[in-house]
Amino acid sequence: MPDLFIKPASGAVEQQAVLAGGGAKFPTDWSRDGKYVLYHGAGATTGWDVYVYSTADKTTKPLIQTPANEEQGQFSPDGHWVAYTSDETGNLEVYVRAFSSGGGTWRVSAAGGSQP
């Protein structure tokens, strides 16, 4: 199963495993300020979910976790929003929600979408 590693581009230090074990993880975006990594992975009971890893405190939390499958999380250029795909309607659609907690979720595709 893939794990997530971080290695400085300078090569000055060896790669560091930041998310090892516990199933497949697919990184999909890195925030412009370098503080967060979005990835999707298989939840224990909820299918695929979007998670956020904090490089500052080295913690992971679910960002988008529903009974549907959520994948392909991408930060907006200003870092305030996250776009992702979900099959909650029975078809893949693209949705947007605020990166910070709270607020709503909006479907932004009208007839299917597989990449935010």
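The values are calculated or read from the model by the stated rules, or taken from the named source; none is laboratory data. Keep in mind that this is a model prediction, so the values were computed, not measured. Backbone-built Cβ (ideal geometry, glycine too); neighbour counts: all protein chains shown.
Please verify whether residue 93 is among the acidic types (Asp, Glu) and farther than 18 Å from residue 28 by Cα, treating the condition exactly as stated.
Here the answer is no, as residue 93 does not meet what is asked.
Would it be correct to say that residue 55 is in contact (Cβ under 8 Å) with a residue 24 or more places away in the chain and over 12 Å from the mean Cα position of the chain (by Cα)?
Considered against the rule, which asks whether it is in contact (Cβ under 8 Å) with a residue 24 or more places away in the chain and over 12 Å from the mean Cα position of the chain (by Cα), residue 55 comes out as yes.
Any idea which of 102, 90, 34 is assigned to a loop (DSSP other than H, G, I, E, B) and either at pLDDT below 85 or acidic (Asp, Glu) (or both)?
102
Considering the range 53-79 alone, what residues qualify as being among the polar types (S, T, N, Q), farther than 13 Å from residue 36 by Cα and part of a strand (DSSP E or B)?
72
Out of 33, 57, report the one residue that is over 24 Å from residue 77 (Cβ atoms) and acidic (Asp, Glu).
Testing whether each residue is over 24 Å from residue 77 (Cβ atoms) and acidic (Asp, Glu) leaves just 57.
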